[in-house]
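The values are calculated or read from the model by the stated rules, or taken from the named source; none is laboratory data. Keep in mind that this is a model prediction, so the values were computed, not measured. The protein model used for the area step is the full one, side chains on, heavy atoms only, and it has no ligands, DNA or RNA in it. Shrake-Rupley method; radii C 1.70, N 1.55, O 1.52, S 1.80 Å.
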Amino acid sequence: MSAPLRIRLKELNEDLAKMLSECYAGRTPLIFPEKRNRERRVSEQESRVLFCQLLNGKGLRYSVEAPTTNKYCFQTGKEEKPRSGNTDMCIYDECDKKIVNIELKSGQPGSKGISISKDLEKLICENVECDSSGEPVQIRDPLVLGNWFHTHVIRKPESGVRKSETRKEKSLPTLLEKFHKNMIDVVNENKRINAMPDLLSKLPIHILFSFIVLDEQTPNEYDFVSEWFDFDGNGSEKLDQYSERFFVKNDGILKSSHKRHHV
């Protein structure tokens, strides 16, 4: 893997977080539209527009809603024929070879975390080469890096509801706990995944996870964590142990990167 590419991608995520915060603070032409209840709608669409601006400015080649290389089954409890999915954005090298798959998301996923699982599955399994029948053959070489950028907003509390600072302290850990559980669900339990467990056990996972937390009560500041999830499966540490250390532990890999920024 290219170290300069990893560094460059992390810088792009930091720039995207800053641009989103400026947008949320009302300092850019792009705005977050209001819903009928006057609450601002925050989705991955704003991240997509701003990410495109960043990539245009850097002269990088990219695509949006790119069809996946492999086929997947995402519906639970019903028969479904495997089909290609879409990746939110992809970055390519100068020869138009895909080098980064990007998923953009927002909000707290549902209790079952289905929206997490299906997109984690794509980021991981696009590095498995399959034959014409969909059977996994080998691990792709070189690997395509993954990038997950997540926007989360803490809404204003209603009268009598706990203070914003308490909600802020609990909001991100709750979100990251879901990512830990779904990472294990996707890889270890092999749910809704179009690859064989013996191959997956050897599959390296290299995904840059970035989370920006915006707060309605303090729109001029934001919390941001961003770090690489690097698991090769070669050491003594198992995936569930590494995932817990990455997402969950207070002194873990991702939370140690936490910074509060002012716009």
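Using the alpha-carbon centroid of each, what span in Å lies between the range 244-262 and the range 203-242? Rounded to whole Å, the Cα centres lie 8 Å apart. Measuring between alpha carbons in the structure, the pairs from Lys97/Lys178; Lys178/Lys259; Lys202/Lys255 lying more than 29 angstrom apart are Lys97/Lys178. Rounded, prolate or oblate: which fits the range 5-136 when a ≥ b ≥ c are the square roots of the eigenvalues of the alpha-carbon gyration tensor, with rounded for a/c under 1.5 and prolate only if a/b beats b/c? Cα axes put the range 5-136 in the oblate bin. Taking a straight line from the alpha carbon of Lys238, these aspartates and glutamates sit under 20 Å away, with near neighbours fewer than eight places off in the same chain left out: Glu121, Glu177, Asp185, Glu189, Asp198, Glu227, Asp230, Asp251. Per-residue surface analysis assigns Leu203 an accessible area of about 10 Å², computed on protein heavy atoms at 1.4 Å probe radius.
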